[in-house]
Structure formats: C-alpha cells, structure tokens
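The values are calculated or read from the model by the stated rules, or taken from the named source; none is laboratory data. Since the model is a prediction, treat every value here as computed from it, not as a measurement. FYI the Cβ positions are ideal-geometry reconstructions off the backbone, even for glycines, and counts take in every protein chain you see.
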Ligand code: SF4
C-alpha cells in the first residue's frame, strides 16, 4: 500500500504532546473557509512523497531519539481518506514503541475509520461547529460524521483532544461556544480543548493557486478575545490550552 503524503515535519510541537514527527496526508473531502492548507485538498494531485508504511517508518526512526517523549502525528488534509495506509503505519509505530496521534475532522465514518481510531493512542478531533448549519457553511458538509466519531471515541475510551477554530463573524459567538463547551462535558474521553484563533497566514496560498479566499476581510481573532473564549470553555470545567 502506498501513502500519498503532502509533506513531513520532523520536529512538530503543536500537534499532540511532546516533540512529534508529523505526517500531512494529501487529500481532504472538506473545504473549510479558513483552511490554511488548500494545497492538501486535491486527492489526485501529485504529492511530494509516495511511500509504503515501511518506508515512512524508516524515515520516522531516523528521529526516534528526538521524539521519544512525543511521538508521531498523522494529519492532513484528511488522514481518513487513506485510513488503511495510516492503520498499517500506526501498527508499525506500535511495534516500535512510538506514540501515535491522529489529527482528523472526523469527516468519514466507516469501518476503516473505526479500525484506525482504535489503533490511535490519541485523537485530535477538529470540531468545526456543533451547529450543523454553521458546520455546513464552514466546511461544505454536515457535522454528522464528526459527532458520530466523537461518540465512537467515547464508547472506546480513546483519549481525545478537541480542536476548535474560532473565526470572527462565524464561530466567535458566545452562544455557540457555550453550547459546544456544555456538549463536550458529556464526554469523558475529552481530555482537553484547544482553542485555535483564526489567522490569515494561509491566505497567500489561495492567490498562488488561483482560487478565491472566501474570508477576505475577516480579521484574525485577537489574543484578548482568544483568552475570553478559553475562559468560556474553562467555566464548564474543561481543561483548555
Ligand atoms: S479539514 Fe483541515 S485540511 Fe480539510 S479543508 Fe478543513 S482545515 Fe483544510
């Protein structure tokens, strides 16, 4: 099996605990308004790397001493589009004693997804919005599979970190934020919530790719407001970073 990989990062510090080797898979079924990696969207684009699970493992093992307190994170794009490949790779990581994290929006929910989730030591689940209309506005798809994924993580007791991008005029809304926080308190698998302030650092890629950036004019979320948003989640008893 060959994995279609957009890029690799050998010293990631923001995608899971510790220092991590991060694998960004090519292809995503969503089209988030704020996506800063539109170059990962096209599943048929020629990726930078095409590797077997063994070849990817060999690359990771070159950094084993650096990632011993962290591990490997597979992100995207959407790794669930290549769930079979990632599952084989995670099995190899397990054999080599390397911690695995899956960063996913939960956009695809099928047998392959469930197998992969069960092989993940940690899941970073991106909930774009609990409100389905808002989710559809942001991603172009319903949030149904994301919420089914969260239910599955709960039933399997898989440690989960929730990621939530807060975008002015969209998800930066006290009512929506409180609803999401309250909802998450029902899930014992949720160990923490990461509030990700919207930024515009990926906007230049849209221009390079000749596609329109639909959040043109939306300001980045300020640091003060981001702290207020974190306080909303904390006020519901959630651990927040
Ligand atoms: S799920 Fe991630 S990679 Fe896919 S469009 Fe959304 S932000 Fe971009």
Taking the residues in the stretch 87-112 that are under 14 Å from the mean Cα position of the chain (by Cα) and buried (at least 23 other Cβ atoms within 10 Å of the Cβ) as candidates, determine which candidate is nearest to residue 59 (Cα to Cα).
-> 100
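Regarding residue 82, is this residue under 20 Å from the mean Cα position of the chain (by Cα) and not in a loop (DSSP other than H, G, I, E, B)? First the steps, then the outcome.
Values: under 20 Å from the mean Cα position of the chain (by Cα): yes; not in a loop (DSSP other than H, G, I, E, B): yes.
Criteria met by residue 82.
For (1) outside any strand (DSSP E or B); (2) modelled with pLDDT under 95; (3) within 17 Å of the chain's Cα centre (by Cα), each residue gets a yes or a no:
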| residue | (1), (2), (3) |
| --- | --- |
| 138 | yes, no, yes |
| 141 | yes, no, yes |
| 145 | yes, no, yes |
| 158 | yes, no, yes |
| 165 | no, no, yes |
| 175 | yes, no, no |
| 179 | yes, no, no |
| 195 | no, no, yes |
| 200 | yes, yes, no |
Quick one: would you say residue 115 is within 16 Å of the ligand (Cβ to nearest atom), in contact (Cβ under 8 Å) with a residue 24 or more places away in the chain and either surrounded by fewer than 19 Cβ atoms within 10 Å (Cβ to Cβ) or within 18 Å of residue 8 (Cα to Cα) (or both)?
-> no
Mind checking which residues of the stretch 166-181 are in contact (Cβ under 8 Å) with a residue 24 or more places away in the chain and exposed (fewer than 14 other Cβ atoms within 10 Å of the Cβ)?
-> 169, 174
Could you give every pair whose Cβ atoms fall below 7 Å, whose first residue belongs to the stretch 208-237 and is on the phi > 0 side of the Ramachandran plot, and whose second residue is in a loop (DSSP other than H, G, I, E, B), counting only separations of at least 6 or pairs across chains?
-> 237/185
Could you identify the single residue in 47, 38 that is more than 22 Å from residue 18 (Cα to Cα) and in contact with a strand residue (DSSP E or B) (Cβ under 9 Å, 6 or more places away or on another chain)?
-> 47
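Here are 107, 83, 135, 101: which of them is touching a strand residue (DSSP E or B) at 6+ places or on another chain (Cβ under 6 Å), under 26 Å from residue 38 (Cβ atoms) and within 16 Å of the ligand (Cβ to nearest atom)? Steps first, please.
Details: 107 fails: touching a strand residue (DSSP E or B) at 6+ places or on another chain (Cβ under 6 Å); 83 fails: touching a strand residue (DSSP E or B) at 6+ places or on another chain (Cβ under 6 Å); 135 fails: touching a strand residue (DSSP E or B) at 6+ places or on another chain (Cβ under 6 Å).
Result: 101 is the single residue among 107, 83, 135, 101 that is touching a strand residue (DSSP E or B) at 6+ places or on another chain (Cβ under 6 Å), under 26 Å from residue 38 (Cβ atoms) and within 16 Å of the ligand (Cβ to nearest atom).
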Can you spot a residue in the stretch 63-77 that is over 22 Å from residue 165 (Cβ atoms), touching a helix residue (DSSP H, G or I) at 6+ places or on another chain (Cβ under 6 Å), assigned to a helix (DSSP H, G or I) and more than 16 Å from the ligand (Cβ to nearest atom)?
-> no
Restricting the stretch 21-54 to residues that are in a strand (DSSP E or B) and in contact with a helix residue (DSSP H, G or I) (Cβ under 6 Å, 6 or more places away or on another chain), the one nearest to the ligand (Cβ to nearest atom) turns out to be 25
Starting from the stretch 32-61, take each residue that is touching a residue at least 24 places away in the same chain (Cβ under 8 Å) and list its partners that are assigned to a helix (DSSP H, G or I) and more than 16 Å from the ligand (Cβ to nearest atom), counting only C-beta distances under 6 angstrom and pairs at least six apart or across chains.
-> 53/88; 53/89; 53/92; 56/89; 57/92
Exception for residue 9 within (1) assigned to a loop (DSSP other than H, G, I, E, B); (2) within 16 Å of the ligand (Cβ to nearest atom) falls at (1)
